[in-house]
Amino acid sequence: NSAFCSLLHRIKYPGNNPVRLIHVKGHICDLSVHPVGSCFITKQLDITTTGEVVMLYTEMTPQVSTLVCDVFANSVIMKLLDYGPETYRSKLVRNLIGHVLALSLHQHGSQVIEKVFEIGVIDQQMEMAMELNRNLLKCVCDEHANHVIQKCMECVPTQYIQFIYRSLRGKAKILSSHQYGYNVIQKVLQFSKDPLILYPFVMEIVERVIELSTHEFGNYVVQYIVQHGEPGDRQIVVQEIMGQIIHLSRQEYSSNVIEKLLIYGSYHERKIIITEILYTGAGDTEEHILGMMVNQHANNVVRVIINVADVWQRNMVVGVAKRNASTLARYIHGRRLMAQVDNLVSTRAVFVAPPPRLA
């Protein structure tokens, strides 16, 4: 209407009479869904008074479950939640209870639910988590709601949402292979401190470690266990992949797992991996190592070996590279490896070993 258009004009062209939030009382909801009005309110919140903040809560709270789904009002509400008396903020959150599942599945609504998990009190957080648990798998596999589940795990202590962790048990393998689920499983591994909850998840993953390591999403879960898990978990991973290390080093996704094992593994675990890589040559060790050097994925594994191996193992790899420099120069990843070798030779005393004798 004309009054609203006039108000927008005053906001866009204030002249010598700047407009404050108190001047738009009664129009907050309408302004919040308009690009100009939304920008005005969010900027004013940085300089607003407590009375004006209360006015915003009073006008927006009754319609909050609808407003959060609007691309412009969404940003107003998220910023408003950082301000104001706790009583008013709590009342606004209370009006979202009962709509949490639907809003979590919405592109804009999910952002507000994440914010509420960050700033909400424990009772409200638990109520929201219970709503999500009614259709947890749908949320985990949804492009928006999976972020809400992750935020829930980050913000709510494990003891209050064990029902969520229990609902996911037995599903770690399949969710680790899902484009959104693998992020949720990593959050389970990160935030679940109860061994009775954590152990079954880890075992379900490591028992399928080769399958998951070669998967475009599952490899990230295995990498997480290797880097952040218990030493015993990593030992099991190494045991499961023994005999498959060369194959895994040559694959796009699993080569990342081998690299992580070399970086974060114990001395004994690195020794197992490097020994299998260097001496699985079917009688021609040098040709085998060169083959890994020119493979676009195994090349990265070899470069990590150069950094973490014992001196004699490093010298062996460097020797193969130096003797086959002309071959490596034909490949972009081979040239990168040679640059690393040249830098190593110039900064350390590296003995270039002779070719290994045939068995």
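Before moving on, here are some points about what is shown:
- Within the accessible area of the chain, the carbon and sulfur atoms contribute 52%, probe 1.4 Å, all protein chains present.
- Across region 101-157, the volume of the C-alpha convex hull divided among the residues equals 61 Å³ per residue.
- Within region 60-161, trypsin sites (Lys or Arg not before Pro) in DSSP loop having at most 16 other beta-carbon neighbours inside 10 Å: R134
- E154 accessible area, 1.4 Å probe, all protein chains in place, Å² to nearest 10: 70 Å²
- With R₀ set to 41 Å, the beta-carbon distance separating S266 from D82 gives a calculated FRET efficiency near 0.35.
- Enclosed volume per residue, in Å³, of the convex hull spanned by Cα atoms of region 169-229: 64 Å³
- HN-Hα J in Hz across region 70-76 - Karplus 6.51, -1.76, 1.60, θ = phi - 60°, x for Gly and Pro: 8, 4, 8, 5, 3, 5, 5
- Springs join every pair of Cα atoms under 10 Å in this Gaussian network model of the chain, and among P14, P231, P200 the largest mean-square fluctuation is at P14.
- Point-to-point label distance, D46-I119, nm (Cα→Cβ direction, 7 Å offset): 1.7 nm
- Candidate lysines - alpha carbon under 24 Å from K260, same-chain residues fewer than 8 apart omitted: K173, K187, K193, K271
- Selected from T50, T61, T347 as most flexible by GNM, with the chain as the system and alpha-carbon contacts under 10 Å: T347
- Modelled spin-label separation between Q63 and Q296, with each label point placed 7 Å from Cα along the Cα-to-Cβ direction: 5.3 nm.
- Convex hull volume per residue, computed on the Cα atoms of region 238-338, equals 87 Å³.
- Translational diffusion of the chain, estimated by Stokes-Einstein from the Kirkwood radius over alpha carbon pairs at 10 °C in a medium of 1.306 mPa s, is 65 µm² per second.
- Ranking by accessible area, most exposed first, for S2, S213 with a 1.4 Å probe: S2, S213
- Under a Gaussian network description of the chain, with springs only between Cα atoms under 10 Å, the residue in H178, H215, H27 that fluctuates furthest is H27.
- Counted residue by residue at 0.36 nm each, then reduced by the alpha carbon distance between them, the extension gain from R20 to S90 reaches 22.7 nm.
- With DNA, RNA and ligands ignored, accessible area of H268 (1.4 Å probe; Å², nearest 10): 120 Å²
- Taking θ as phi - 60° and the Karplus parameters 6.51, -1.76 and 1.60, the scalar couplings of region 180-193 work out to 10, x, 5, 5, 5, 4, 5, 5, 4, 5, 7, 10, 7, 9 Hz in sequence order, x denoting glycine and proline.
- Residues in region 255-277 reached by a label modelled at E211 [backbone nitrogen below 16 Å; 7 Å Cα→Cβ]: none
- Whole-Å distance, taken between Cα centres, linking region 114-189 and region 274-324: 43 Å
- Label zone of Q239 (point 7 Å out along Cα→Cβ, amide N under 20 Å): in region 264-293 this covers 264-276.
- Ligands, DNA and RNA aside, V308 has an accessible area near 40 Å² when probed at 1.4 Å.
- 10 Å Cβ shell holding at most 15 others, DSSP loop, chymotrypsin sites (Phe, Trp or Tyr not before Pro): longest site-free stretch of the chain: 1-278
The values are calculated or read from the model by the stated rules, or taken from the named source; none is laboratory data. For clarity, every value in this text was computed on a predicted model and none was experimentally measured. Here the Cβ is made from the backbone with ideal geometry for all residues, glycine too, and neighbour counts use every protein chain on show. The protein model used for the area step is the full one, side chains on, heavy atoms only, and it has no ligands, DNA or RNA in it. Shrake-Rupley method; radii C 1.70, N 1.55, O 1.52, S 1.80 Å.
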